[in-house]
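Right, one structure below, let's go through it.
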Amino acid sequence: MNFADCVKETTTATSAATITLTGAPAEFQAFAAAFVVGATNIPTRMKDDAGNWENGFHTLTDAGTLTRTEISSSSNGGAPVTFSGEARVVSCTMHEGVMARLAR
């Protein structure tokens, strides 16, 4: 598992399967600044302003793209989410999926 602090970017993605990253707010770092391309099992949370969210693990496929490797939980009963809200963010965060892996 790979983890880093203060990693958050915006996105226009409607699916968390492949997330095109569009930049980090000033007080955060981009995924490509925190992880090397090819880093796997990055714990992520994607959410929008309509209340949709998905926790899981992603791989940094290239400097501007995350690819889903696993869903831990979601606002859609654990199934993939189609994001409909305008503001979408993806961040590296500790969630219950991380805790479950650490408990093994």
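Would you check which residues across region 82-104 are under 23 Å from A39 (Cα atoms), touching a residue at least 40 places away in the same chain (Cβ under 8 Å) and in a loop (DSSP other than H, G, I, E, B) and list them?
T93, M94, H95
What number of residues within region 27-41 satisfy the criterion of being part of a loop (DSSP other than H, G, I, E, B) and open to solvent by less than 60 Å² (accessible area, probe 1.4 Å)?
Total satisfying the criteria: 5.
The values are calculated or read from the model by the stated rules, or taken from the named source; none is laboratory data. The model shown is predicted, which means the values in this text are computed figures rather than measured ones. Quick reminder, even Gly has a Cβ in these numbers, built from the backbone with ideal geometry, and neighbours come from all protein chains shown. Protein only, heavy atoms only, side chains kept; ligands, DNA and RNA dropped before computing areas. Shrake-Rupley method; radii C 1.70, N 1.55, O 1.52, S 1.80 Å.
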